[in-house]
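Have a look at the structure below before the remarks.
The values are calculated or read from the model by the stated rules, or taken from the named source; none is laboratory data. Fair warning: this is a prediction, and the values are worked out from it, not measured in the lab. Backbone-built Cβ (ideal geometry, glycine too); neighbour counts: all protein chains shown.
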Amino acid sequence: MISDNLQEAINEQIKYELYSAYMYLAMSADCSDRNLTGFATWLRMQAQEEVEHAMRFYDFLIERGGRVELHGIDKPPVEYGSPLEIMEQSLDHERFVTSRINGLYDLAFEEQDRPAQVMLQWFITEQVEEEASIDEIVQRMKMFGADGAALFMLDRDLGARGPEEDEE
Ligand code: FEO
């Protein structure tokens, strides 16, 4: 059985993961609107991954005899600025999510909930990967600056993103 504290914190995290999906989907729509089809595809895949993250927490709560309680999700912005600004905001957002995951891990540690610690270790690794992959895109964009041909090529590369393999 999971503690009330941890249950509440995981329910809150389900909300943040679903908000992440909402935000990436809104960014994707913003890119589609500007014919950045590769960015739009990449962000849409990212949104899908966030739903999977939410469902990992959801399934974990159920497995542990907890109660899933869905919280209200905020409306994300409609417009996000330049492609570089979109990726910078994504990176900031992932850093925020990382800090939340770390907080959840600390709580699971304090409560001596070992299954929750193991489950959260997957997320700790996932956050390292998420931050690294977005940071790589940001660095590439900073390097090519206002070069339209390089942006076109990056858009093409991002459009090649397929569904991630499930690393269970
Ligand atoms: Fe679910 Fe991108 O963190």
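Every condition in (1) farther than 20 Å from residue 162 by Cα; (2) crowded, with 20+ Cβ neighbours inside 10 Å is met by residue 23 except one, and the failing one is (1).
A quick yes/no check of all residues on (1) polar (S, T, N, Q); (2) in contact with a His (Cβ under 8 Å, 6 or more places away or on another chain); (3) within 16 Å of the ligand (Cβ to nearest atom):
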{"site": "20", "(1), (2), (3)": "yes, yes, yes"}
{"site": "34", "(1), (2), (3)": "no, no, no"}
{"site": "45", "(1), (2), (3)": "no, no, yes"}
{"site": "89", "(1), (2), (3)": "yes, no, yes"}
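The residue list 46, 13 contains one member that is modelled with pLDDT of 95 or more and farther than 30 Å from residue 143 by Cα, which is 13.
Assigned to a helix (DSSP H, G or I), under 13 Å from the mean Cα position of the chain (by Cα) and touching a residue at least 12 places away in the same chain (Cβ under 8 Å): does that describe residue 58? I'd like the intermediate steps shown before the answer.
Values: assigned to a helix (DSSP H, G or I): yes; under 13 Å from the mean Cα position of the chain (by Cα): no; touching a residue at least 12 places away in the same chain (Cβ under 8 Å): yes.
Taking the combined requirement at face value, the residue does not satisfy it.
The residue that is nearest to the ligand (Cβ to nearest atom), counting only those in the range 61-77 that are part of a helix (DSSP H, G or I) and either in contact (Cβ under 8 Å) with a residue 24 or more places away in the chain or acidic (Asp, Glu) (or both), is 61.
Is it the case that some residue within the range 53-68 is in contact with a Lys or Arg (Cβ under 6 Å, 6 or more places away or on another chain) and not β-branched (Val, Ile, Thr)?
So the first thing to find is which residues in the range 53-68 are in contact with a Lys or Arg (Cβ under 6 Å, 6 or more places away or on another chain), and the list is none.
Checked the range 53-68: no residue is in contact with a Lys or Arg (Cβ under 6 Å, 6 or more places away or on another chain) and not β-branched (Val, Ile, Thr).
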